[in-house]
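Q: Structure in structure tokens, see below.
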Amino acid sequence: MDGESSITFFQKTATKCPVCDKEFFREEMRTGRGRLIAGKLTHELRRTYEPSQKYGAIHPLIYPVVVCPHCYYASFAPDFAAIKPEAAELLHQKYNERREQVENILPPLDFTSPRQLKEGLASYYLATLCYEHAHKDVSPTFKKGLCCLRAAWVANDMHKKHPNDNYDYLARVFYRKARFFYAHAIEMEQTGKEKLSSGGHLGPDLDKNYGYDGVLYVTGMLEYRYGPTTDSEKRQVALNRAKRTIARIFGMGRASKDKPAAILDNARDVYEQIAKELGSTDTDPENPDA
């Protein structure tokens, strides 16, 4: 625990890791006093923030994942202590593998000092690896998708600071992984194998929970933007799948009137773009003919 800042603080009470049984102090972000100046919402439903004169640029996304600095077990805070004993044992055995995987793609990490972007990105990658062994009750498939999406966002932030270090490539890798996990999470929900209602805050960002409609939108958007492109037949299948997914947000038309404009407006835009690429005249998601 080293060098607290005006942006974060370390808890005074230690947290015990359920995987390695060692203790550490969790870092939390301070709130209030104009630290966060909300900016625009992107088409990916990511909230941007303007740098303040007093605090500079702040990246809230790098703090939500709890990481044990001793064994690199990582998860969102509500899930950290809820891991099953058999999963904890497996994660304990895989510590070296986990550490090597993250250190192969990122600079040296320090989870005992105030986090930088690299620790934020690493936290989501580590959580993705750890949720592989989580119980279905915590919606691990969706959580892996959310972690990959946010990892892509943080990788893009790193690319802006280090444009020659290939973080833009890493972002694309995480976007494609997010596409896979989001689509799989929808399938798991439909078959009853995992419930998105167990996922807690569905985000995708921290400022607002867009719920199931947000998951549908992000799933369709990722399918459209990061699905197959080289094989025309696979591309068409992916586009039609994305189109159907987004159409579900609108239901029978009237059902959508009370939904957030951010969801509806972005969903309409993506739906129209998909229809245009498919050469379809069906550009109204409230009255789809496909």
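Q: If Val19 meets every condition in (1) over 27 Å from Lys161 (Cβ atoms); (2) touching an Asp or Glu at 6+ places or on another chain (Cβ under 6 Å); (3) among the hydrophobic types (A, V, I, L, M, F, W, C) apart from one, which number is that one?
A: (2)
Q: If you don't mind, another one. How do the pairs read when you match residues in the range 51-67 that are farther than 13 Å from Ala38 by Cα and touching a residue at least 60 places away in the same chain (Cβ under 8 Å) with residues anywhere that are among the charged types (D, E, K, R) and assigned to a helix (DSSP H, G or I), using Cβ under 6 Å and keeping only pairs 6 or more apart or on different chains?
A: Leu61/Arg150
Q: Would you be able to tell me the number of residues in the range 16-42 that are closer than 30 Å to His133 by Cβ and either of a type in the set (D, E, K, R) or at pLDDT below 95 (or both)? Write out each step before concluding.
A: So in the range 16-42, the residues closer than 30 Å to His133 by Cβ come out as 16-29.
Going one step further and asking which of them are either of a type in the set (D, E, K, R) or at pLDDT below 95 (or both), we end up with 16, 21-23, 26-29.
Going through the range 16-42 one residue at a time, the tally reaches 8.
Q: Test Pro85 against the criterion of being surrounded by fewer than 19 Cβ atoms within 10 Å (Cβ to Cβ) and either touching a residue at least 60 places away in the same chain (Cβ under 8 Å) or among the hydrophobic types (A, V, I, L, M, F, W, C) (or both), and give yes or no. Before you say what the answer is, go through the steps one by one.
A: Working: surrounded by fewer than 19 Cβ atoms within 10 Å (Cβ to Cβ): yes; either touching a residue at least 60 places away in the same chain (Cβ under 8 Å) or among the hydrophobic types (A, V, I, L, M, F, W, C) (or both): no.
Spelling it out, it is not the case that Pro85 is surrounded by fewer than 19 Cβ atoms within 10 Å (Cβ to Cβ) and either touching a residue at least 60 places away in the same chain (Cβ under 8 Å) or among the hydrophobic types (A, V, I, L, M, F, W, C) (or both).
Q: Can you name the residue in the range 161-179 that is touching a residue at least 24 places away in the same chain (Cβ under 8 Å) and surrounded by fewer than 20 Cβ atoms within 10 Å (Cβ to Cβ) and is also farthest from Pro78 (Cα to Cα) among such residues?
A: Looking at the filtered set, the residue picked out is Lys161.
Q: Within the range 115-124, identify whether any single residue is of a type in the set (Phe, Trp, Tyr) and under 20 Å from the mean Cα position of the chain (by Cα), and answer yes or no. Break it down stepwise before answering.
A: Here is the first cut: in the range 115-124, the residues of a type in the set (Phe, Trp, Tyr) are 124.
Add one more test, that the residue is under 20 Å from the mean Cα position of the chain (by Cα), and what stays is 124.
The answer is yes, given that some residue of the range 115-124 is of a type in the set (Phe, Trp, Tyr) and under 20 Å from the mean Cα position of the chain (by Cα).
Q: Looking at Gly211, Gly227, Gly220, Gly203, which one is within 20 Å of Phe76 (Cα to Cα) and touching a residue at least 12 places away in the same chain (Cβ under 8 Å)? Outline the logic, then answer.
A: Numbers: Gly211 fails: touching a residue at least 12 places away in the same chain (Cβ under 8 Å); Gly227 fails: within 20 Å of Phe76 (Cα to Cα); Gly220 fails: within 20 Å of Phe76 (Cα to Cα).
Going through Gly211, Gly227, Gly220, Gly203 in turn, the sole match is Gly203.
Q: Which condition from (1) in contact with a strand residue (DSSP E or B) (Cβ under 6 Å, 6 or more places away or on another chain); (2) surrounded by 18 or more Cβ atoms within 10 Å (Cβ to Cβ) is the one that Glu44 breaks?
A: So the condition that Glu44 fails would be (1).
Q: Let me ask you something else. Looking at the range 261-285, which of its residues are more than 16 Å from Thr219 (Cβ to Cβ), at pLDDT below 90 and either surrounded by 15 or more Cβ atoms within 10 Å (Cβ to Cβ) or of a type in the set (Phe, Trp, Tyr) (or both)?
A: Those that are more than 16 Å from Thr219 (Cβ to Cβ), at pLDDT below 90 and either surrounded by 15 or more Cβ atoms within 10 Å (Cβ to Cβ) or of a type in the set (Phe, Trp, Tyr) (or both): Ser280, Asp282, Asp284.
Q: Another question about this same structure. Being at pLDDT below 95, among the hydrophobic types (A, V, I, L, M, F, W, C), loosely packed, with under 13 Cβ neighbours inside 10 Å and over 20 Å from Leu202 (Cα atoms), is that true of even one residue in the range 240-254?
A: Within the range 240-254, one or more residues are at pLDDT below 95, among the hydrophobic types (A, V, I, L, M, F, W, C), loosely packed, with under 13 Cβ neighbours inside 10 Å and over 20 Å from Leu202 (Cα atoms).
Q: Something else now. Can you name every residue in the range 130-143 that is in contact (Cβ under 8 Å) with a residue 40 or more places away in the chain and assigned to a helix (DSSP H, G or I)? Write out each step before concluding.
A: Within the range 130-143, the first condition is being in contact (Cβ under 8 Å) with a residue 40 or more places away in the chain, and the residues that meet it are 130-131, 133-143.
Cys130, Tyr131, His133, Lys136, Asp137, Val138, Pro140, Thr141, Phe142, Lys143 - these are the residues of the range 130-143 that are in contact (Cβ under 8 Å) with a residue 40 or more places away in the chain and assigned to a helix (DSSP H, G or I).
Q: Somewhere in the range 207-218, is a residue touching an Asp or Glu at 6+ places or on another chain (Cβ under 6 Å), over 20 Å from Asp137 (Cα atoms) and not in a helix (DSSP H, G or I)? I'd like the intermediate steps shown before the answer.
A: If we filter the range 207-218 for residues that are touching an Asp or Glu at 6+ places or on another chain (Cβ under 6 Å), which is where we start, we get none.
So far as the range 207-218 goes, no, none of its residues is touching an Asp or Glu at 6+ places or on another chain (Cβ under 6 Å), over 20 Å from Asp137 (Cα atoms) and not in a helix (DSSP H, G or I).
Q: Can you tell me which residue is farthest from His184 (Cα to Cα) among those in the range 144-157 that are of a type outside the set (A, V, I, L, M, F, W, C) and surrounded by 24 or more Cβ atoms within 10 Å (Cβ to Cβ)?
A: Step by step, filter the range 144-157, then rank; the result is Arg150.
Q: Here's a follow-up. Within the range 70-82, can one find any residue that is at pLDDT 95 or above, assigned to a helix (DSSP H, G or I), among the aliphatic types (A, V, I, L, M) and over 27 Å from Ser6 (Cβ atoms)?
A: no
Q: Ser139 - would you say it is of a type in the set (S, T, N, Q) and more than 20 Å from the chain's Cα centre (by Cα)?
A: Numbers: of a type in the set (S, T, N, Q): yes; more than 20 Å from the chain's Cα centre (by Cα): no.
Spelling it out, it is not the case that Ser139 is of a type in the set (S, T, N, Q) and more than 20 Å from the chain's Cα centre (by Cα).
Q: Could you say whether any residue in the range 243-259 is touching a strand residue (DSSP E or B) at 6+ places or on another chain (Cβ under 7 Å) and of a type outside the set (Lys, Arg)? Working first, answer last.
A: Just the residues of the range 243-259 that are touching a strand residue (DSSP E or B) at 6+ places or on another chain (Cβ under 7 Å), to begin with: none.
No: zero hits.
Q: Right, something else. In the list Leu45, Leu91, Leu109, which residue meets the criterion of being over 27 Å from Gly200 (Cα atoms), at pLDDT 95 or above, within 23 Å of the chain's Cα centre (by Cα) and not in a strand (DSSP E or B)?
A: Working: Leu45 fails: over 27 Å from Gly200 (Cα atoms); Leu91 fails: over 27 Å from Gly200 (Cα atoms).
Of the residues listed, the single one that is over 27 Å from Gly200 (Cα atoms), at pLDDT 95 or above, within 23 Å of the chain's Cα centre (by Cα) and not in a strand (DSSP E or B) is Leu109.
The values are calculated or read from the model by the stated rules, or taken from the named source; none is laboratory data. Predicted model only: the values in this text are computed from it and were never measured. Counting neighbours? That spans all protein chains shown, and the Cβs are built from the backbone with ideal geometry, glycine included.
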